[in-house]
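Student: I'd like to ask some things about the structure below.
A short reminder: the numbers here are calculations on the coordinates, not readings from a lab. Computed from a prediction, not measured in an experiment: that's the story for all the values here.
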């Protein structure tokens, strides 16, 4: 079973919208990979209200390091965190679904 990392733009979206997009990404990844996946949970809700975006990104990259494949959701090219995650995936040879 492959470990799946999901990169998705989150700014300006409700938790409900984010989680719905994640579910779509999981189903699409399963179809494309052809097997079940272990989803690395990168929907963080344990930061305090003063957390900086870079703190979220740092933890995301930690999870990305454990992934076999990274799924980049629609709009990733316009989100700076997603672009950085993508660059890391490319540079470190993590398979990608775009």
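Student: Debye calculation, C-alpha points only, no solvent: report log10 I(q)/I(0) for the chain at q = 0.16, 0.20 Å⁻¹, in the same order as the q values.
Tutor: The Cα Debye sum returns log10 ratios of -0.63, -1.00.
Student: Tilt of helix 15-33 relative to the longest C-alpha principal axis of the chain, in degrees (0 to 90, nearest 10)?
Tutor: Rounded to the nearest ten degrees, it is 20.
Student: In degrees between 0 and 90, to the nearest 10, how far off the longest principal axis of the chain does helix 53-64 point, with axes built from Cα atoms?
Tutor: Value to nearest ten degrees: 20.
Student: Given the options 66, 28, 13, state which has the largest fluctuation in a GNM of the chain using a 10 Å cut-off (strictly under) for Cα springs.
Tutor: Checking each option, the largest mean-square fluctuation is seen for 13.
Student: Go ahead and set up a Gaussian network model of the chain, Cα springs under 10 Å, then flag whichever of 57, 32, 40 fluctuates most.
Tutor: Taking springs between Cα atoms under 10 Å, the residue moving most is 32.
Student: Compare 30, 52, 20 in a GNM of the chain, Cα atoms joined below 10 Å, and give the one with the largest fluctuation.
Tutor: Between 30, 52, 20, it is 52 that shows the largest mean-square fluctuation.
Student: In percent, how large is the relative contact order of the chain, given Cα pairs closer than 8 Å and 6 or more residues apart?
Tutor: Dividing the mean separation by the residue count of the chain yields 41 percent.
Student: In degrees between 0 and 90, to the nearest 10, how far off the longest principal axis of the chain does helix 80-91 point, with axes built from Cα atoms?
Tutor: Helix 80-91 sits at roughly 40 degrees to that axis.
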